[in-house]
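These notes concern the structure reproduced below.
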Amino acid sequence: MNPIHPNPGRGGPLGQVGVPWGEAERAEWRGQQTKQRSYDVDVVRALAHWYGDFEAIDYGVITYDDEHFPLRAVRSRRWVPGLPGVLVTGGVHGYETSGVHGALGLLQRLAQDNEVGRGLNWLVVPCVSPWAYERIHRWNRDAVDPNRSFREPSVAPEAAALMAMLKPYRGQWAAHIDLHETTDSDETTFRPALAARDGQPHEPGTIPDGFYLVDDLRNPQPAFQRAILAAVEPITHIAEADDKGELIGSPMIERGVIAYDFQTLGLCAGITGARWTSTTEVYPDSARTSPEECVEAQIAAALAAMDFVLEHTA
């Protein structure tokens, strides 16, 4: 008999090595996830504070059973044809808290200082995956990772809704920065969950201590990544490579940077065709930082992306 996986959620064992989950396992997993915070309070109501300053975008509703999650974004009030566009996304993985609150914090900075973002068209999507935000989980209700689902047709409604909303802006993006975290729970919960779901053995890994970035393997932009790291480093430390020269199992191509093939993997950072793209990875579990600093690091990263675009498109 195949060994049983440790439960990647709560409760007893779930799944067997060599046997991918069926609907029964997905339903059992889903029943173990509990609501721990409110998307309506933390995101929808927070965004309403800035509707007088910016243009609100309602781009659909995610419906799971009897739950309905309105999808919200905010953009610069005057969208000027010809100006470079910057897209900022957070909460593609709902459990990555500083991405959501970093995007909200960026909006606060934009509202407080009219010079921030001037000369750009910008659009901020604070929380792409509201069901997962409330459950503090990586996946959506169907145990699907939205950040492997940005392709047509998408199996994740969260990804499909975002891509549909962005279609009218095609060709207008200079940059896209996607705000993420790498947490200890990636190793203790989410990687075991992935192995269990897919019927594979779990291969233990390591979590980098510090902030790092993911560049696009097909379109590397090292100067863009360096500018972001320079803005973040005064706030939180940059991750160093392990003894293999890697971060989280990938070669570190330069200090604090690894690279993935965004489009092949179906990653959010690959959806715009922008010249400059990056995925941030904050490490909130480090003894050397705090939750507040992680949020500030995400804000600094997004502002650095905006500044870089202004400097290089003037």
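Which order do His312, His68, His202, His176 take when ranked by solvent-accessible area (1.4 Å probe, heavy atoms of all protein chains), largest first?
Greatest to least solvent exposure: His68, His312, His202, His176.
Within the stretch 284-305, what residues put their amide N at less than 15 Å from the label point 7 Å along the Cα-to-Cβ vector of Thr188?
Of the residues in the stretch 284-305, 284-287 have backbone N under 15 Å from the label point off Thr188.
Got a sec to turn the phi values of the stretch 224-232 into Karplus ³J(HN,Hα) couplings, 6.51 cos²θ - 1.76 cosθ + 1.60 with θ = phi - 60°, whole Hz, x for Gly and Pro?
So the J values, rounded to whole Hz, are 4, 5, 5, 5, 5, 4, 4, 6, 7.
How far apart, in nm, are two points set 7 Å out from the Cα along the Cα-to-Cβ line at Thr313 and at Trp79?
1.4 nm
Of all chymotrypsin sites (Phe, Trp or Tyr not before Pro) in the stretch 6-86, which ones are in loop regions per DSSP and have a Cβ with at most 12 other Cβ atoms within 10 Å? Could you put the intermediate results ahead of the total?
Values: sites: Trp21, Trp29, Tyr39, Trp50, Tyr51, Phe54, Tyr59, Tyr64, Trp79; in loops: Trp21, Trp50, Tyr51, Phe54, Trp79.
Sparse-neighbourhood loop chymotrypsin sites (Phe, Trp or Tyr not before Pro): Tyr51.
P(r) for the stretch 197-314, please, calculated from all Cα pair distances in 5 Å bins and given in %.
Once binned at 5 Å, the Cα pair distances of the stretch 197-314 give 2, 12, 20, 21, 21, 14, 7, 3, 1, 0, 0.
To check my understanding: the extent here is largest minus smallest coordinate of the Cα atoms along each principal axis. What are those three numbers for the stretch 32-95, in Å, largest first?
Here the Cα extents, ordered largest to smallest, are 48, 22, 19 Å.
For Asp198 and Glu233, compute 0.36 nm times the residue count separating them, minus their Cα-Cα distance, and round to one decimal in nm.
8.9 nm
Using θ = phi - 60° and the Karplus form 6.51 cos²θ - 1.76 cosθ + 1.60, what ³J(HN,Hα) does each residue of the stretch 292-299 get, whole Hz, x for Gly and Pro?
5, 5, 5, 5, 4, 5, 5, 4
Check which residues have an amide H placed less than 5 Å from Tyr64's amide H, if you skip close sequence neighbours.
Answer set, sorted by chain and number: Phe69.
How large is log10 of I(q)/I(0) for the stretch 145-191 at q = 0.18, 0.27, 0.33, 0.34 Å⁻¹ when the intensity is taken from the Debye formula with one equal scatterer per alpha-carbon?
For the stretch 145-191 at q = 0.18, 0.27, 0.33, 0.34 Å⁻¹, log10 I(q)/I(0) is -0.72, -1.05, -1.15, -1.16.
What is the log10 of I(q)/I(0) for the stretch 1-150, computed with the Debye formula using one identical point scatterer on each Cα and no solvent, at q = 0.09, 0.10, 0.11, 0.17 Å⁻¹?
-0.36, -0.44, -0.51, -0.95
Hey, could you pull the Cα Rg and Dmax for the stretch 59-100, both in Å?
14.2, 43
Taking Cα centroids, how far is the stretch 20-81 from the stretch 282-314 in Å?
Between the Cα centre of the stretch 20-81 and that of the stretch 282-314, the gap is 23 Å.
For Ile238, list long-range residues whose amide hydrogen, built 1.01 Å from N in the peptide plane, is under 5 Å from its own amide hydrogen.
Answer set, sorted by chain and number: Phe211.
Can you tell me the length gained on complete extension of the stretch Asp261 to Val155, counting 0.36 nm per residue apart and subtracting the Cα distance? Before the final figure, lay out the partial values.
Numbers: separation 106, 0.36 × 106 = 38.16 nm, distance 1.93 nm.
Contour length minus the Cα-Cα distance gives 36.2 nm.
Between Lys244 and Glu23, take the C-beta separation as r, use R0 = 30 Å, and let me know the FRET efficiency to the nearest 0.05.
Using R0 = 30 Å, I get an efficiency of 0.20.
Springs between alpha-carbon atoms under 10 Å, Gaussian network over the chain: tell me which of Ile228, Ile57, Ile299 tops the mean-square fluctuations.
The residue with the greatest mean-square fluctuation here is Ile57.
At q = 0.08, 0.20, 0.21 Å⁻¹, what base-10 log of I(q)/I(0) does the Debye formula yield for the stretch 75-226 when every alpha carbon is treated as an equal point scatterer in vacuo?
-0.26, -1.45, -1.52
Show that you can apply the helix-only estimate: for the chain, add -39,500 (n - 2.57) for every DSSP H stretch of four or more residues, divide by all residues, and state [θ] at 222 nm to the nearest 500.
-8500 deg cm²/dmol
What shape does the stretch 236-300 take by its C-alpha gyration tensor, where a ≥ b ≥ c are the square roots of the eigenvalues and a/c under 1.5 counts as rounded, a/b above b/c as prolate, and the rest as oblate?
Here the stretch 236-300 falls in the oblate category.
Alpha carbons only, please: Rg and Dmax for the stretch 148-223, in angstrom.
Here Rg and the maximum Cα pair distance are 16.2, 43 Å.
Taking θ as phi - 60°, what are the ³J(HN,Hα) couplings along the stretch 104-121 by the Karplus curve (6.51, -1.76, 1.60), each to the nearest whole Hz, with x for Gly and Pro?
Coupling constants for the stretch 104-121: 5, x, 4, 4, 4, 5, 5, 6, 6, 10, 5, 7, 5, x, 5, x, 10, 8 Hz.
At 7 Å along Cα-to-Cβ for each site, give me the label-to-label distance between Tyr51 and Glu254 in nm.
4.4 nm
Heavy atoms only, probe 1.4 Å: what % of the accessible area of the chain goes to carbon and sulfur, would you let me know?
Accessible surface attributable to carbon and sulfur in the chain totals 51 percent.
With springs only between Cα atoms under 10 Å apart, run a GNM on the chain and tell me which of Ala287, Ala274, Ala304 wobbles the most.
Judging by the Gaussian network model, the answer is Ala287.
How high is the relative contact order of the stretch 202-314, given as a whole-number percent (alpha carbon pairs under 8 Å, six or more residues apart)?
RCO, the stretch 202-314: 36 percent.
Quote the Stokes-Einstein diffusion coefficient, in whole µm² s⁻¹, for the stretch 77-117, based on the Kirkwood radius over alpha carbon pairs, a temperature of 10 °C and a viscosity of 1.306 mPa s.
Diffusion coefficient, whole number: 135 µm²/s.
Can you quote the Å³ per residue value for the convex hull of the Cα atoms in the chain, rounded to an integer? Provide the component values of the computation, followed by the final result.
Values: hull volume 41.4 nm³, N = 314.
Once divided by residue count, the hull of the chain is 132 Å³.
The values are calculated or read from the model by the stated rules, or taken from the named source; none is laboratory data. On a predicted model such as this, the values are computed, not experimentally measured, just so you know. Here Cβ is always computed from backbone atoms with ideal geometry, including for glycine, and neighbour counts include all displayed protein chains. Surface areas here come from the heavy atoms of the whole protein model, side chains and all, with no ligands, DNA or RNA. Shrake-Rupley method; radii C 1.70, N 1.55, O 1.52, S 1.80 Å.
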